[in-house]
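Here is the structure we will look at, set down as structure tokens.
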Amino acid sequence: MKLDTRAMRHLTAEDWRVLTAVEMGSKNHEIVPTPLIERIARLKGGASGVHKSISALAKVGLIARMKEAKYDGYRLTYGGLDYLALHTHAARKHVYSVGSRIGVGKESDIMIVADDKGTQKVLKIHRLGRISFRTVKANRDYLKNRASGSWMYLSRLAAIKEYAFMQALREEGFPVPEPIAQSRHTIVMSLIDAMPMRQISSVPDPAGLYAELIALILRLAKHGLIHGDFNEFNILIRKDKDAQDPNKITLTPIIIDFPQMVSMDHPNAEMYFDRDVECIKRFFSRRFHFVSTTPGPFFKDAKKTVGRDGARRLDAAAEASGFTKKMAKDLEAAIREQQANSEADAGDSEDDLEDESDEEEESGSEDGDPSDDEGQHQVIGDHVPVLVGSEEGLEKLTINDGT
Ligand code: ADP
Ligand code: MG
């Protein structure tokens, strides 16, 4: 599902209004009846204006006509939701142009974007409904045929949750990207100039880095949290020059990817905690041939530290920001389903882990297919009424392909 912003330039104010109307109608209708779109959009040009916009939007795939229903109507596509989110980011001046895609996951697209000053940022587009709900019966029953199982709702939840946690973590001084904005199923965050640990073949001091990562797991626990997917793809390693000795490089881990974070009070907290620890141990043993002589850390010890020394409970903080228990439950079921699916999908990632000789090619595939990227920033910002800007500034942009 590639984000193609080219059609954005050609949408009229009326088209945007109709697209927004379809989104609003989607809150209560899986398929939004055409008369409802007309009513919500209330264009000056009347019904014919709406129909013109509907055709224009359908032509570029932002809405899709649904004929199998009892009535004629439209639904928003992923593309349509992408456009609405980008439009909001552009209107708020967080995004002016969209560059290349640096990551494609089962659950998201990661794009480089820039604001009108040329500052590069990362746009993460959640794609949670990409999978079908088929593996875990409990999840299937929970999610199927319900509004709460829809991709739009779930992807939005993932973005809301990720943003709330990134904010809470950042405020607490954890090494995470700076959260900049959230709209619908997307978030904008600072671009970290670092590589996933996955792409690092050796480090000068594996014991030191290992200790630092374990310390991060324990620090999260103290604040009531478990990352839940603490692996070599979600830990970026930044190389910093030592302040004293410029020949010396220090490695700083930065954590990303938070939609699956769980509370230390979660019924399965111990399993998630152990899995995060195990992930790091396994990676260090395979990649750096480092095995710690210290056993653990163990959940029962970490549990005792929750809230110690006045540590703020970030699990509670994120909930207080509006991510309710009901939302958490819906999202969790979807993520559990997704993880079950990816484990079921041939041992792709396991093969990856075993085969370490092919680093170049693997990192290439991690970054997605470069050939389907434009390799150029596409301006979206100057088509949002509140913005003034020119394309000149864009030439200064360099494309960061994430490697
Ligand atoms: P997913 O949920 O699909 O795993 P992630 O948030 O883990 O998405 O991002 C996928 C990849 O994109 C990461 O492994 C990393 O290479 C890159 N990435 C994500 N966020 C950033 C960022 N803020 N700065 C730099 N690279 C990033
Ligand atoms: Mg990830």
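With each label modelled as a point 7 angstrom along the Cα→C-beta vector, the Arg42-Thr12 pair spans 2.0 nm.
Neighbours of Ile249 by Cβ distance under 9 Å: Lys/Arg scored +1, Asp/Glu scored -1, total +1.
Please identify every one of the trypsin sites (Lys or Arg not before Pro) in region 174-258 that sits in a loop by DSSP and has no more than 14 other beta carbons within 10 Å of its own beta carbon.
Sparse-neighbourhood loop trypsin sites (Lys or Arg not before Pro): Lys248.
Between rounded, prolate and oblate, where does region 1-76 land on the alpha carbon gyration tensor, with a ≥ b ≥ c its root eigenvalues, rounded for a/c under 1.5, else prolate if a/b exceeds b/c? Oblate is the answer for region 1-76, as a/c is 1.5 or above yet b/c matches or exceeds a/b. First check a/c for region 195-356, with a ≥ b ≥ c the square roots of the eigenvalues of its C-alpha gyration tensor; if it is under 1.5, answer rounded, and if not, answer prolate when a/b is larger than b/c or oblate otherwise. Since a/c reaches 1.5 but b/c is at least a/b, the shape of region 195-356 is classed as oblate. In this view, the solvent-accessible surface of Met24, computed with a 1.4 Å probe and all protein chains in place, comes to about 100 Å². Other residues with beta-carbon under 12 Å from the beta-carbon of Leu236 carry, at +1 per Lys or Arg and -1 per Asp or Glu, a net charge of 0. For region 1-76, with all protein chains in place and a probe radius of 1.4 Å, 52% of the accessible heavy-atom surface sits on carbon or sulfur. Test of understanding: extend the Cα→C-beta vector of Arg286 to 7 Å, then name every residue of region 89-132 with backbone N under 18 Å from that spot. Under cut-off, by backbone N: 106.
Seen from Met327, the other residues with C-beta closer than 11 Å to its C-beta sum to a net charge of +2, counting Lys and Arg as +1 and Asp and Glu as -1. Bridgeable lysines around Lys325 (alpha carbons under 27 Å apart, same-chain partners fewer than 8 residues away excluded): Lys27, Lys106, Lys124, Lys137, Lys144, Lys161, Lys222, Lys300, Lys303, Lys304. Working from label points 7 Å from Cα in the Cα-to-Cβ sense, the Met271 to Lys248 distance is 4.4 nm. Of the accessible area of region 195-356, computed with a 1.4 Å probe over protein heavy atoms only, carbon and sulfur atoms account for 54 percent. Once all protein chains are placed together, Ser100 keeps about 10 Å² accessible to a 1.4 angstrom probe. Heavy-atom accessible area with a 1.4 Å probe sorts Glu23, Glu278, largest first, into Glu278, Glu23.
The values are calculated or read from the model by the stated rules, or taken from the named source; none is laboratory data. Just so you know, these numbers come straight off a predicted model, no measurement behind them. Counting neighbours? That spans all protein chains shown, and the Cβs are built from the backbone with ideal geometry, glycine included. For the accessible areas, the whole protein counts, side chains as well, though only heavy atoms, and no ligand, DNA or RNA atoms are used. Shrake-Rupley method; radii C 1.70, N 1.55, O 1.52, S 1.80 Å.
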